[in-house]
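Notes to accompany the following structure.
The values are calculated or read from the model by the stated rules, or taken from the named source; none is laboratory data. On a predicted model such as this, the values are computed, not experimentally measured, just so you know. Every residue, glycine as well, gets a Cβ built from its backbone with ideal geometry; the counts of neighbours run over all protein chains shown.
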Amino acid sequence: MMVFIDPGHGGTDPGATGTTGLREADVNWDVALKVRQYLQRYGLETGLTRERDESPSQSQRRDRAAAARCLVSIHCNSYNEPSVQGLETYAWPGRHDSIALAWILQESLLVTTARKDRGVKVRNLTVLGGDPPSALVELAFISNPDEEKLLREQWYREKAALGIVYAIKGFISIARKK
Ligand SMILES: [Zn+2]
């Protein structure tokens, strides 16, 4: 069984854009490729919900990951108040396995990225509504100038990727095998 990574946005949908023009879709894609590369070093087969610069719908992404062991969706946050910053992770309400995955991701990413802790939140996001345990990470605020700068950096993307990878490895090691 595969681990699935969802690089948020793509194609005609760039996602949020930072004040210096950094596109969320490009950051999500790059981090997703790094995550896949590291997961493969663990010997974990890894699928992506999009294989190139395209923009499948949220339900298409969810459906492509239907048979996976877990799904992690990668995004960057944005808000109309530029001072807002930090890291947050989402899970589907009432899905205890997904909420556990979200907590492990949040704690792992807090260590590797050293961002402000905005906590784990529950929300009915379509991409998270499928069968496998699923969580959506918001790596930092692309609308915050300091965090946009970080999101541009390869070293930051590496740390974000490692945070996600360690969390997934931990999660699937303790999760009941299907
Ligand atoms: Zn997004």
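Can you tell me which residue within region 8-63, out of those that are among the charged types (D, E, K, R) and part of a loop (DSSP other than H, G, I, E, B), is nearest to Y166 (Cα to Cα)? The residue in question is E45.
Applying a threshold of 8 Å to beta carbon distances and a minimum spacing of six or more residues, or different chains, the list of pairs starting in region 98-115 at a residue that is closer than 14 Å to F171 by Cα and ending at one that is surrounded by fewer than 17 Cβ atoms within 10 Å (Cβ to Cβ) and among the charged types (D, E, K, R) reads Q106/D117.
When the residues of region 56-85 are narrowed to those that are within 16 Å of the ligand (Cβ to nearest atom) and over 18 Å from G130 (Cβ atoms), which ends up farthest from the chain's Cα centre (by Cα)? In this case the residue turns out to be N80. Just one of the listed residues (R64, R36) is buried (at least 16 other Cβ atoms within 10 Å of the Cβ), of a type outside the set (S, T, N, Q) and farther than 24 Å from Y156 by Cα, namely R64.
When restricted to residues that are away from the ligand (no atom under 14 Å from the Cβ) and within 12 Å of the chain's Cα centre (by Cα), region 88-105 contains 4. Taking the criterion of being in contact (Cβ under 8 Å) with a residue 60 or more places away in the chain and assigned to a loop (DSSP other than H, G, I, E, B), the residues of region 122-149 that qualify are L125, G129, G130, D131, P132, P133, I142, S143, N144.
Restricting attention to region 150-178 and to residues that are among the charged types (D, E, K, R) and not in a helix (DSSP H, G or I), the residue that is modelled with the lowest pLDDT turns out to be K178.
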